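Here's the structure, in structure tokens; my notes come after.
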Amino acid sequence: FPVTIGWNINTYDSLNFNLKGVGIPVTLTKQFSDKWSFSTTLFFRNNSSDLFENFSNQLGTLTTINYTVNSKLKIKPGIYFNKEFWGNFILPIVAIDYSPNDKLRVWGNLPATLFIEKKLNKHWYCSFILRGINNSYTLNKNEYTHVNETQIGVVSDWYLGKNFVLAFEAGHSFFRKIRTGNMYLEKSFILYDKMRNNTYFRISSSYRIRLK
């Protein structure tokens, strides 16, 4: 399913950035045995101040080798790559998926994301989340904005039906940095490293098929 995101950023020197993004992930998996498999996810993105500009496309991948330790634990080392507007972003990751029982699940792509989910009843799930954000957006054909921050929050998922989910999230940002630069001039950017961290709120809906 498509993923959308939006930012409205005001800097201390009165600059305003209204940023938008839309992306479509596509995952391919090859099973080698009961224990081993290979997965690659392709990310097609368009990030800019105005959506669907032809100079605002990005292509990224997340490739992992998956090992099933037992019925409760899977470990997936791999590499994340994305062609950002400031250059190539490469991050080694270790994905985990751990379910010690039918009410608790821990998963994520470390060090970028971590989710700890508790099932309270058949309609209500609550989660602790750690999320690293590292996105860039074009302002025009030459300039970009780079958004970097860490978010820590809690999520309440309500299943209104078998698969339709309404999620409420609240948290706080840390280590927030915003910079603008020129895509064609190496190390040519302005860093807004004193951007104020703040609380955030998010409401979202999704169609979700739970395999566990």
Practice task
Count, please, the residues in segment 100-114 that happen to be of a type in the set (A, V, I, L, M, F, W, C) and in a loop (DSSP other than H, G, I, E, B).
Solution key: 1
Exercise for the section: Could you tell me which numbered condition G6 fails, if it satisfies all but one of (1) loosely packed, with under 14 Cβ neighbours inside 10 Å; (2) over 15 Å from the mean Cα position of the chain (by Cα)? Expected result: (2)
Exercise for the section: Could you list, in sequence order, all residues of segment 53-62 that are over 15 Å from the mean Cα position of the chain (by Cα), surrounded by fewer than 19 Cβ atoms within 10 Å (Cβ to Cβ) and touching a residue at least 24 places away in the same chain (Cβ under 8 Å)? Expected result: E53, F55
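This table checks each residue for (1) open to solvent by less than 20 Å² (accessible area, probe 1.4 Å); (2) under 18 Å from S56 (Cβ atoms); (3) among the hydroxyl-bearing types (S, T, Y); (4) touching a Leu at 6+ places or on another chain (Cβ under 6 Å).
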{"site": "F128", "(1), (2), (3), (4)": "no, no, no, no"}
{"site": "S136", "(1), (2), (3), (4)": "yes, yes, yes, no"}
{"site": "L139", "(1), (2), (3), (4)": "no, yes, no, no"}
{"site": "E143", "(1), (2), (3), (4)": "no, yes, no, no"}
Practice task
Out of the residues in segment 88-114 that are of a type in the set (A, V, I, L, M, F, W, C) and open to solvent by less than 50 Å² (accessible area, probe 1.4 Å), state the one that is farthest from K76 (Cα to Cα).
Solution key: F89
Problem - segment 26-52, residues that are open to solvent by 50 Å² or more (accessible area, probe 1.4 Å), within 13 Å of P2 (Cβ to Cβ) and out of contact with any Leu (no Cβ under 7 Å at 6 or more places or on another chain) - result: R45, L51, F52
Handout entry: In segment 147-191, the residues that are farther than 27 Å from S206 by Cα and assigned to a strand (DSSP E or B)
Key = F175, R176, K177, I178, R179, T180, G181, N182, F189, I190, L191
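The values are calculated or read from the model by the stated rules, or taken from the named source; none is laboratory data. Because the structure is predicted, anything quoted here is derived from the model rather than measured. Reconstructed Cβ throughout: ideal geometry from the backbone, glycine too, with neighbour counts over all protein chains shown. These area figures cover heavy atoms from the full protein model, side chains too; ligands, DNA and RNA do not enter into them. Shrake-Rupley method; radii C 1.70, N 1.55, O 1.52, S 1.80 Å.
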